[in-house]
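Below is one structure, written out as structure tokens, with a few remarks after it.
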Amino acid sequence: REAGTRRPLIAEVDFIKLKSGQSHVQAQTDEEGEFLVVLPMGEDYALNVSKPGYLFHSENFALAEASSLTEPFLLEIELSPISEPTA
């Protein structure tokens, strides 16, 4: 979502396993700004979210507990637009 307006954004999402440094899943959000991926439990991940014209978002998290389709592990990310410099 866009920071401030909460407008849904289509963005690129990349989950990287921290132990190996390898990309595990790459996805794109839908028109509602949502996506669903399946990740193995017990791993530490880096999450990178990007969209042209917006500041890049990166965070690390540990997936320690099981989740399901009825009770998913949710992350809500807001991207801030890049401001144009004023003269």
Residues of region 7-56 being in contact with a Phe, Trp or Tyr (Cβ under 8 Å, 6 or more places away or on another chain) and among the small types (Gly, Ala, Ser), in sequence order, are Ala11, Ser23, Ala27, Ala46, Ser50
When you scan region 1-44, how many residues do you find that are closer than 19 Å to Leu55 by Cβ, of a type in the set (D, E, K, R) and surrounded by fewer than 12 Cβ atoms within 10 Å (Cβ to Cβ)? 2
When region 28-87 is examined, which residues are found to be more than 11 Å from the chain's Cα centre (by Cα), of a type in the set (Asp, Glu) and under 17 Å from Asp14 (Cβ atoms)? Asp30, Glu43, Asp44
Given Gly4, Gly53, Gly33, which one is under 18 Å from Pro72 (Cβ atoms) and of a type in the set (Gly, Ala, Ser)? Gly33
Which of (1) in contact with a strand residue (DSSP E or B) (Cβ under 8 Å, 6 or more places away or on another chain); (2) without any contact (Cβ under 8 Å) to a residue 40 or more places away in the chain; (3) not aliphatic (A, V, I, L, M) does Ser80 not meet, given it meets every other one? (2)
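Readers should treat all values here as calculations from the given coordinates under stated rules, not as data from a laboratory. Computed from a predicted model, the values in this text were never measured in an experiment. All Cβ positions, glycine included, derive from the backbone under ideal geometry; neighbour counts span all protein chains shown.
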